[in-house]
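Student: Let me give you the structure first, and then I'll get to my questions.
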Amino acid sequence: MAQTYIGSSVLRKEDLRFMMGKARYVDDVKLPHMLHAAILRSPHAHARVLSINASAALEMEGVAAVYTYQDVVQAVAPRPIPMRRGAYSGLERFLQYPLAGEKVRYVGEPVAVVVAESRYLAEDALDA
């Protein structure tokens, strides 16, 4: 009979470094001139985006940029990602852009991205 790995014990090699606090996570990586991003997500479903005023966020010290759908369109031709509503075949497909344009379809859809010198500055700028 062939060896099966389902249900068998597996020796783990990484546990010791996690238990001793020596593991390295992505959040531990610090690079020179590194910037952080925070994403503004829509609190509404099926809403029109009338305008986005990023001037207050851009005036904050440490904020490098604020990007909206219009900024992305001007910089590159954004390619939508084909999506399906649910995991079942036969359901309507739709195209998902990186940031919402004139209309948001669901709560949590990305609307803008703030780039700043720290994670906390980027998150604070979302509220500006």
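Student: Hey, can you tell me all the residues within segment 105-128 that are of a type in the set (A, V, I, L, M) and either modelled with pLDDT under 95 or crowded, with 16+ Cβ neighbours inside 10 Å (or both)?
Tutor: Of everything in segment 105-128, those that are of a type in the set (A, V, I, L, M) and either modelled with pLDDT under 95 or crowded, with 16+ Cβ neighbours inside 10 Å (or both) turn out to be 111, 112, 113, 114, 115, 116, 121, 122, 125, 126, 128.
Student: Among the residues of segment 1-59, write down those that are in a loop (DSSP other than H, G, I, E, B) and in contact (Cβ under 8 Å) with a residue 40 or more places away in the chain.
Tutor: Result: 35, 42, 43, 44, 45, 46, 49, 52, 54.
Student: Right, here's the next one. Going by the conditions given, is residue 100 part of a loop (DSSP other than H, G, I, E, B), under 29 Å from residue 31 (Cβ atoms), at pLDDT below 95 and among the small types (Gly, Ala, Ser)?
Tutor: no
Student: Can residue 47 be described as more than 30 Å from residue 18 (Cβ to Cβ), exposed (fewer than 11 other Cβ atoms within 10 Å of the Cβ) and among the small types (Gly, Ala, Ser)?
Tutor: On the way: more than 30 Å from residue 18 (Cβ to Cβ): yes; exposed (fewer than 11 other Cβ atoms within 10 Å of the Cβ): no; among the small types (Gly, Ala, Ser): yes.
The answer is no for residue 47.
Student: Taking the conditions exactly as written (among the hydroxyl-bearing types (Ser, Thr, Tyr), at pLDDT 95 or above and either touching a strand residue (DSSP E or B) at 6+ places or on another chain (Cβ under 8 Å) or in a loop (DSSP other than H, G, I, E, B) (or both)), does residue 67 satisfy them or not?
Tutor: So residue 67 passes the test.
The values are calculated or read from the model by the stated rules, or taken from the named source; none is laboratory data. Just so it is clear, the structure is predicted and the values come from calculations on it, not from any experiment. Positions of Cβ are backbone-derived with ideal geometry, glycine not excepted, and every protein chain shown enters the neighbour counts.
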